[in-house]
Amino acid sequence: MANAYTNIVRDGLWDNNGVFSMLLGMCPTMAMTTSATNGFGMGLATAAVMAASSLLVAAFRNAITQEVRIPVFILIVATMVTLVDLAMNAWMHELYKVLGLFIPLIVSNCLPLARLEAFAAKAPIVPAFLDGLCMGLGFTIALTAIGAVREIAGSGTLFADASLLFGPFFKFMELRLLPADMGVLMMILPPGGFLVTGLLVVVKRLLDLRAGKEIQMSGAHAVA
Amino acid sequence: MKEYALMMIGAALVNNVILARFLGLCSFMGVTTRIDTAAGMGLATTFVITVSSMADWAVQTYLLAPYGLGFLRTVTFILVIASAVQFTELTVRKVSPSLFQMLGIYLPLITTNCAVLGVALLLVESHMNFLASTLFAFASSLGYSLVMVIFAGLRERLALAPVPRLFAGPPIGFIVASLLAMAFMGFSGISTG
């Protein structure tokens, strides 16, 4: 049993990473990674929604019939998103203002829905919750990584404004790695998002290849 | 009249839904392997975005805003969009069975295309009147279709190109999209809408 849980954790965080392996949830991945801080915040919000909605779907899995499952899933996700949206507006207002439109858009992020359909709808409560949480944390790792690369290349800082968005405790994370005028502005603009994501997918393939694993050549092409 | 035209150009080209706002990327990477499916998907999405934006505008103006139900916006909008998609599916099946065959699985998935919800939410924030918001939604979705077709054309050529093994598939797609986004940045400055 412990082994199954380890697999769920490893799958979510790395092997089957939502962004780098399955290529799901691309919109916030590109839009909210102009800095590592934004990526981290966006990832955590998504992880909270995924963990909560996986738990709910697993709890009601015997009551949800096959025909109406997709609308039910979407409504559950939409409710969780509304809760996160209101909570962030109240307690993390600075971060809420930065993420803006992309908090309600977690509803139409394919990653939560894909995990509900593929895992939570058929699993007991505990593994489903763990899967939602770990997939969400894997998403957070990916977004933070993309954000870090873009931020370092674009403005020379790392985790800038972390203390402003998360609270004064996170002041120690703010770093300046390059002088202020060394940044390549393009990396923060939209083209940089596509470029860095593409290159990091290649990096993950390279690491998997080094580890002697079979690399996945195709992403989740069928998901719109 | 002039400000409407400028706003539409701004929505379609300058603040392109895919390349500048990053909405609808799943379908952008998913269904652009052939030009005809990309065009069909663009057409269906254009219809859904326009219809659901009109419905969402009415819901927001006459239901959510007067009764202070703003917190129900996400849930209501996604329901309106799901119904609009169902409606589109029925219409397409009646009007053009061949297009229905071609789009197949992708039609119901328009519900989770964030471009649809994204445009509707953008409209709520911008407080436009009915005509302006309908035109904005229509222009945004035209921009979406345009980029889908261009990218599908690029990928058809890319399928024949010798790509390094590690870059095959999505990574090279992202890099091409990055170049396309750079090209579209040339439009900035035409309009600020």
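Every number in this text was worked out from the coordinates using simple rules, so none of it is lab data. Values in this document were obtained by computation on a predicted structure and should not be read as measured data. Counting neighbours? That spans all protein chains shown, and the Cβs are built from the backbone with ideal geometry, glycine included.
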Quiz item: In Å, what is the Rg of the alpha-carbon atoms in the range B:1-112, and how long is Dmax?
Solution: 15.8, 46
Practice problem: Using only the Cα atoms of the range A:15-107, build the gyration tensor, take square roots of its eigenvalues as a ≥ b ≥ c, and label the shape rounded, prolate or oblate: rounded if a/c is under 1.5, else prolate if a/b is larger than b/c, else oblate. | Solution: oblate
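Sort the protein assembly as shown into rounded, prolate or oblate with this rule: let a ≥ b ≥ c be the square roots of the eigenvalues of the Cα gyration tensor; rounded if a/c is under 1.5, and if a/c is not under 1.5, prolate when a/b is larger than b/c, oblate otherwise.
On the way: a/c = 1.20, a/b = 1.11, b/c = 1.08.
Judged from the Cα gyration tensor, the protein assembly as shown comes out rounded (a/c under 1.5).
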Quiz item: In square nanometres, what is the average projected area of the Cα convex hull of the range A:2-210?
Solution: 12.6 nm²
Quiz prompt | Ranked A:Ile70, B:Ile49, criterion: other C-beta atoms within 10 Å, fewest first | solution = A:Ile70, B:Ile49
Quiz item: What are the chymotrypsin sites (Phe, Trp or Tyr not before Pro) within the range B:1-97 that DSSP puts in a loop, where the Cβ has at most 12 other Cβ atoms within 10 Å?
Solution: B:Tyr67
Quiz item: Of the residues B:Ala12, B:Ala65, B:Ala139, which exhibits the maximal mean-square fluctuation in a Gaussian network model of chain B defined by a 10 Å Cα contact cut-off?
Solution: B:Ala65
Quiz prompt | Residue exposure sequence - B:Val85, A:Val107 - by fewest surrounding Cβ within 10 Å | solution = B:Val85, A:Val107
Practice problem: Please find, in a Gaussian network model of chain B (springs between Cα atoms separated by less than 10 Å), the residue of B:Glu89, B:Glu156, B:Glu125 whose mean-square fluctuation is greatest. | Solution: B:Glu125
Self-check item: On Cα atoms only, tilt of A:125-155 relative to the major axis of chain A in degrees
Solution: 20 degrees
Practice problem: Counting residues in the range B:23-185 as N, plug N into 2.2 N^0.38 Å and put the Cα Rg over that result. | Solution: 1.13
Exercise. Under 1.5 on a/c is rounded, so check that first for the range A:89-224, then, if it is not, pick prolate when a/b is larger than b/c and oblate when it is not; a ≥ b ≥ c are the square roots of the alpha carbon gyration tensor eigenvalues.
Key: oblate
Quiz item: Per-residue mean of other chain beta-carbon atoms within 10 angstrom of the beta-carbon, peptide A:108-115?
Solution: 4
Self-check item: Value of [θ]222 nm, deg cm²/dmol, for chain A, DSSP H segments ≥ 4, -39500 (n - 2.57) each, nearest 500
Solution: -19500 deg cm²/dmol
Quiz item: Counting other C-beta atoms within 10 Å, which of A:Val201, B:Val59 has the fewest, and how do the rest follow?
Solution: B:Val59, A:Val201
Practice problem: Give a quick list of GluC sites (Glu not before Pro) in the range A:53-156 that DSSP marks as loop, anything other than H, G, I, E or B, with at most 11 other Cβ atoms within 10 Å. | Solution: A:Glu67
Quiz item: For the Cα atoms of chain A, what angle does the longest principal axis make with the long axis of helix A:190-210, in degrees from 0 to 90, nearest 10?
Solution: 70 degrees
Practice problem: Measure nothing fancy, just the Cα-based angle from helix B:73-95's long axis to the longest principal axis of chain B, in degrees from 0 to 90, nearest 10. | Solution: 60 degrees
